[in-house]
Each structure stands twice: as structure tokens, then as C-alpha cells.
Amino acid sequence: MIVFDLKCDAGHVFEAWFGSTGDFEGQQARGLVECPMCGSREVAKAVMAPAVSPKANRVVTDAERKTELARLAKLRAEVEANCDYVGRSFVREARARHGRTEEDGEAARGIFGEATIADAMELIDEGIPVSPLPFRPRQTADA
Ligand SMILES: [Zn+2]
């Protein structure tokens with residue numbers, strides 16, 4: 001036996017059992033399949049809900065999580081080693097340091113700190129390259 005979700009021309013959805021797909025098709029062709037709610041014989045198989053892509057639904061493995069955490073830790077170490085933390089002075093410092101060269105020494109180092117999205121967008125508009133960091137600075141924002 002096989003169960004089908006069926007739908008009549010009035011939109012009623014109901015389940016019906018058949019010996020096989022061919023059995024259903026034969027009975028449908030002869031008008032023997034009837035909607036239990038309204039008696040309509042204009043009945044067809046209801047459209048099944050689309051399946052969710054198994055990839056989108058995928059569970060992240062422990063190994064993948066570790067790889068991602070390691071990548072973030074490395075990025076964070078690089079930023080902390082090569083850039084100066086300026087906290088909430090970020091926007092001011094970014095403008096002050098923008099355009100300085102290697103010869104300016106310390107001032108040519110990158111900086112990281114805190115800025116609002118609006119401030120960051122303004123800097124980008126001014127041609128100052130700004131990137132969001134995928135972590136929160138270790139330091140407090142009092143700097
Ligand atoms: Zn019906």
C-alpha cells in the first residue's frame with residue numbers, strides 16, 4: 001500500500017491509500033478517486049513541499065570549527081602585533097594617519113579600535129580603507 005497526499009479542484013488536501021502508483025492513476029483516470037470533503041472527482045497528487053538542500057542544513061563539524069577559530073586567532077594575533085590599538089579615537093586617528101608613508105615610522109602602522117558603522121562608512125567615503133574585524137579588541141574601549 002502507498003499513501004498519497006491528494007488535492008481536489010476546490011483545494012481540499014487529503015490522504016488516500018492505493019495498492020500502487022498505477023492503481024491510483026487507474027482509479028483517477030476512471031474518476032473513482034473522490035474528495036471526501038466535497039465529492040469532487042477532479043483530484044490530483046498534491047505538490048510536495050520542496051526539500052531543503054542538505055548543504056544549507058549541514059552541521060558544522062568540530063574540525064571545521066577548530067579551523068575557523070584558529071584562523072581568527074591568527075588574524076587577531078597579526079592585527080595586535082602590527083597595529084596600534086586606539087580605542088574610540090579610531091576615527092580621528094584614521095584621518096590623522098591616512099596618507100602617511102613608511103618614512104613616518106610609527107605613524108604608518110595600522111590601527112584598530114572602535115567606530116560606529118556610520119563613522120566607518122564616512123571613512124570609506126573619504127577613501128580611507130577600513131575593514132571590520134571578526135572579533136572584539138581585547139583591550140577596553142577607554143583608550
Ligand atoms: Zn474537495
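The values are calculated or read from the model by the stated rules, or taken from the named source; none is laboratory data. Predicted model, so just to flag it, every value in this text is computed and none were measured. Every residue, glycine as well, gets a Cβ built from its backbone with ideal geometry; the counts of neighbours run over all protein chains shown.
The single condition from (1) at pLDDT 85 or above; (2) away from the ligand (no atom under 16 Å from the Cβ) that PRO50 fails is (1).
Picking from residues in the range 1-15 that are free of Cβ contacts under 8 Å to residues at least 24 places away in the same chain and farther than 10 Å from LYS45 by Cα, the one that is surrounded by the fewest Cβ atoms within 10 Å (Cβ to Cβ) is MET1.
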